[in-house]
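Here the structure is laid out as structure tokens; the discussion comes afterwards.
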Amino acid sequence: MNYHGNPVSRGIAAGPVFLYQPFTAAVSDIQIEENAVGRAIGDYEAARHNACNELETIRARLAASDLEKAKIFTAHIDILFDEAMDGDIRELIEQERCSPDRAIDEVYEKYAKILGKSPDPLIKERASDIRDVKTRLIRVWNGVPEKNLSSLPSPAVIVVHDLLPSDTATLDRENVLAIVTEIGGSTSHSAIIARSYGIPAILGVEKAMERFTQGETVIVDALTGEVITRPTEQQLADCAEKRRQFAARQTQLHAFMEKEAVTPDGVRVDIELNLASVGEQELEGSKCTDGVGLFRTEFLYLGRDTLPTEDEQFEIYRMVLTKFGNRPVTLRTLDVGGDKKLDCLNLPHEENPFLGNRALRLCFDRPGIFRTQLRAALRASVYGNLWIMFPMVGSMDDIRHAKQVVSDVKEELTAEGVSFSPDVKIGIMIEIPSIALMADFAAQEVDFASIGTNDLCQYTMAVDRLNPAVSRYYQSYSPALFRLVKHAADMFIKNSKPICVCGELGGDRLGAAVLIGLGVRKLSMSISSVAQTRKLVNELPMKKAEEIAAKALSLSTAQEVEQYLNDSLKDILA
Ligand code: PEP
Ligand code: MG
């Protein structure tokens, strides 16, 4: 059988399915018989022993590649053998005749809550480790095998309803052959992460969790968007051949990785990097990019019970700024809400989160969070070339409000005698049509802008970027979107202010050609698109890019634009 979805990260792979359903720890209320106490204690000890073995295995594997991560698992083993918690669990089983899972749950929760109240953020942070170990222990007690994407036993194709940002942050990259999800569009978090890790991914495959079985072999062809179940020998052989050809093309492209992006008629385009975390592998991108065009800082806030402290943020910002030297690092202030939920902020449920209290709006609502991030960023600014950028700007009021907070924070730092660079640039993301239309005013108020085409498309076409049921309405090649981009670009160019595109369209094989033709001289993208875009720029004369852009704007549908771009760029893309 063939199933279809949206191929969001190119590549092809075959392998066994790993159905991923995060374990949720439900515990029993039944009191155990008096004569079952001894056995219950034995079961608890056995579960603890097995949980420890799991942790040892993960720790040993990570020790070779990522010492910092390995240390987390050492700490988890310590928690498992904490004497106070162990004593309390035994007492509950022996005296209250609680079943072991209930005893584990109560005791671990009690300690997690105590730590969670600590004023020391480092201690507070331990609460989430305790909960993590609790879930593991209860799962093992239930006899449920480990299902965690941070440590797969062997290479597999991940099939999941949707990947949470916290899943992707710890993804075991070596063993993930491909990703298939039921929901998520081409600009969802899962898609962006898959692309930046170079993992083939097809999203929006309806009922994937029901259709595929654990361990069955599938082919994931993320060049065409097909998932093939029960493949024949011939299909597997074809897949291997297609994989080989794809890899050969990637190697050819690799030659462009560090080549300056200059068109044959001499126009230079900056190729910048989108960063969504700061692991060693991500920072390798500093070797072949002209700066960071989009530093998504959300990862600092995800999967934890407490907010990151100013010092913690400062260290990370300093590290990235130092790494890029005098090249710009465009730090986007916190962009949560919408598709990105935070454990450490108890945000109320919203009917329309993408239209709700998201990003800059949330920062205005919680000025403490906003100011802490700005303080950390400004303090780090002396180590490099910092550009600060605000997401979800809808009006000139938003711009003025955000700039006022920056001035207040600068004043505060000055009063404290803390230094920061006088050259920090302040800019906005253009991702709401209202500010694209007001770009003439915006260009006079800020130092730069970056167009977030992922959201700009969502808000222009009025289509939820994650909902596969409406994905055909999410048209990245819509002439309407290009018209808005043109207007914004024209206004910034007229005011001699830099304008970048950091949405996925910036690193798109077809979209980038139009953007360059519209006058955009800075494109920011995930590392997997860098070589291909550098090649495009090197082979596309600006005169032709301008013709392409003009023609795209004159067509009436996204489909016509896509067809036209494929035809006119076919020699370059071949
Ligand atoms: C965008 O909206 O285009 C963008 C770059 O931001 P994000 O994808 O993080 O919303
Ligand atoms: Mg956005």
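Nothing in this text is a laboratory measurement; each read-out follows from the coordinates by a stated rule. Bear in mind that the values here come from a model prediction, so they are computed numbers and not experimental data. Here the Cβ positions follow ideal geometry from the backbone for every residue, glycine too, while neighbour counts run over all protein chains shown.
What to note about this one:
- Shape of the chain, Cα gyration tensor, a/c cut at 1.5: oblate
- Residue-averaged 222 nm ellipticity for the chain, from DSSP H runs of 4+ at -39500 (n - 2.57), nearest 500: -15000 deg cm²/dmol
- Taking label points 7 Å from Cα along the Cα-to-Cβ direction, Arg400 and Ser154 give a separation of 6.5 nm.
- Spatial separation of Cα centroids for segment 216-236 and segment 106-167, in angstrom: 33 Å
- 0 to 90° range, to nearest 10: angle between helix 396-416 axis and the chain longest Cα axis: 60 degrees
- Inter-centroid distance (Cα atoms) of segment 353-397 relative to segment 258-330, Å: 17 Å
- Extension gain for His349 to Asn566 (0.36 nm times residue separation, less C-alpha to C-alpha distance): 73.9 nm.
- Against the chain, whose longest principal axis comes from its Cα atoms, helix 37-65 is set at around 30 degrees.
- Among the GluC sites (Glu not before Pro) in segment 291-377, those located in a DSSP loop and surrounded by at most 12 other Cβ atoms within 10 Å of their own Cβ are Glu351.
- Restricting segment 326-370 to chymotrypsin sites (Phe, Trp or Tyr not before Pro) that sit in a DSSP loop and have at most 11 other Cβ atoms within 10 Å of their own Cβ leaves nothing.
- For the chain, DSSP calls about 30 percent of its internal beta bridges antiparallel.
- The simple spin-label model puts a point 7 Å past each Cα toward its Cβ; for Glu416 and Asp311 those points are separated by 1.2 nm.
- In this structure, the pairs whose alpha-carbon distance is over 31 Å, taken from Lys134/Lys341; Lys259/Lys570; Lys110/Lys340; Lys341/Lys410; Lys425/Lys551, are Lys425/Lys551.
- Phi angles of segment 426-435 translate, via the Karplus equation with coefficients 6.51, -1.76, 1.60 and θ = phi - 60°, into HN-Hα couplings of 10, x, 10, 8, 9, 9, 10, x, 4, 7 Hz per residue; Gly and Pro are given as x.
- Cleavage-rule hits (trypsin sites (Lys or Arg not before Pro)) in segment 45-142: DSSP loop, at most 15 neighbouring Cβ within 10 angstrom: Lys117
- Helix 121-141 and the longest principal axis of the C-alpha atoms of the chain enclose an angle of approximately 60°.
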